[in-house]
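The values are calculated or read from the model by the stated rules, or taken from the named source; none is laboratory data. No experiment lies behind these values; they were computed from the predicted model shown. Counting neighbours? That spans all protein chains shown, and the Cβs are built from the backbone with ideal geometry, glycine included.
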Amino acid sequence: MYEGVVQNLIDELGRLPGVGPKGAQRIAFYLLGADPADVRRLAAALVEVTDRIRFSPIDGIGPEDLRITELMARLADGGVTEVILATDPNLEGEATATYLARLLKPLGLRVTRPASGLPVGGDLEYADEVTLGRAFEGRRLLDV
């Protein structure tokens, strides 16, 4: 445990999602050693984003918000051969991708999703089952 302002900084950083006690400590000591101008820019960016940006009060987007009619019109001329459905990897995103895929596949299009899995530099011990499963599904041969 540290005292005073250093411990306060560590505690506040530790409240961020995905930042544990050790990570908060590393970030705090990085900031203590960083150029003061860089730290001020970071602080200013944090204040500015919290002052100017708000999440939309509308949760989730329903089928009526997807502008499917416009999408189908764009695909009608046959110039598009693949549609990549890049939705969030959560329940709503999966449902939306499945819904769109069912509409688009009968058009003879290749309907794909971006690969998802383990980030470079990530630790296996922190990966959930779905992420690991997708990482294995999207695996590729190594070119050696």
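Restricting to segment 59-82, name every residue that is modelled with pLDDT of 85 or more and surrounded by 10 or more Cβ atoms within 10 Å (Cβ to Cβ).
Arg67, Ile68, Leu71, Met72, Ala73, Arg74, Leu75, Ala76, Val80
Does Val39 fit the bill of being in contact with a helix residue (DSSP H, G or I) (Cβ under 7 Å, 6 or more places away or on another chain) and in a helix (DSSP H, G or I)?
Criteria met by Val39.
Among the residues of segment 104-126, are any acidic (Asp, Glu) and either modelled with pLDDT of 80 or more or closer than 30 Å to Met72 by Cα (or both)?
Checked segment 104-126: no residue is acidic (Asp, Glu) and either modelled with pLDDT of 80 or more or closer than 30 Å to Met72 by Cα (or both).
Within segment 117-144, which residues are in contact with a Gly (Cβ under 7 Å, 6 or more places away or on another chain) and either assigned by TED's automatic domain parsing to the domain that holds Ile68 or β-branched (Val, Ile, Thr) (or both)?
Correct list: Thr131 only.
Identify the residue in segment 85-124 that is among the charged types (D, E, K, R), part of a helix (DSSP H, G or I) and within 21 Å of the chain's Cα centre (by Cα) and, among all such residues, is farthest from Phe136 (Cα to Cα).
For segment 85-124, the residue satisfying everything is Glu92.
Among Arg67, Arg113, which is the only one that is of a type in the set (Lys, Arg), in contact (Cβ under 8 Å) with a residue 24 or more places away in the chain and farther than 30 Å from Glu12 by Cβ?
It is Arg113.
Restricting the first residue to segment 23-42 and requiring it to be touching a residue at least 12 places away in the same chain (Cβ under 8 Å), which pairs with a second residue that is exposed (fewer than 10 other Cβ atoms within 10 Å of the Cβ) meet a Cβ separation below 9 Å and a spacing of at least six or different chains?
Ala24/Arg15
Are there any pairs, at least 6 apart or on different chains, whose C-beta atoms fall under 6 Å, with the first in segment 80-96 and closer than 15 Å to Leu107 by Cα and the second among the hydroxyl-bearing types (Ser, Thr, Tyr) and surrounded by 10 or more Cβ atoms within 10 Å (Cβ to Cβ), and if so, which?
Once the first residue is closer than 15 Å to Leu107 by Cα and sits in segment 80-96, its partners that are among the hydroxyl-bearing types (Ser, Thr, Tyr) and surrounded by 10 or more Cβ atoms within 10 Å (Cβ to Cβ) give Ile84/Thr112.
Would you mind telling me which numbered condition in (1) under 30 Å from Asp123 (Cα atoms); (2) modelled with pLDDT of 90 or more Ala95 fails?
(2)
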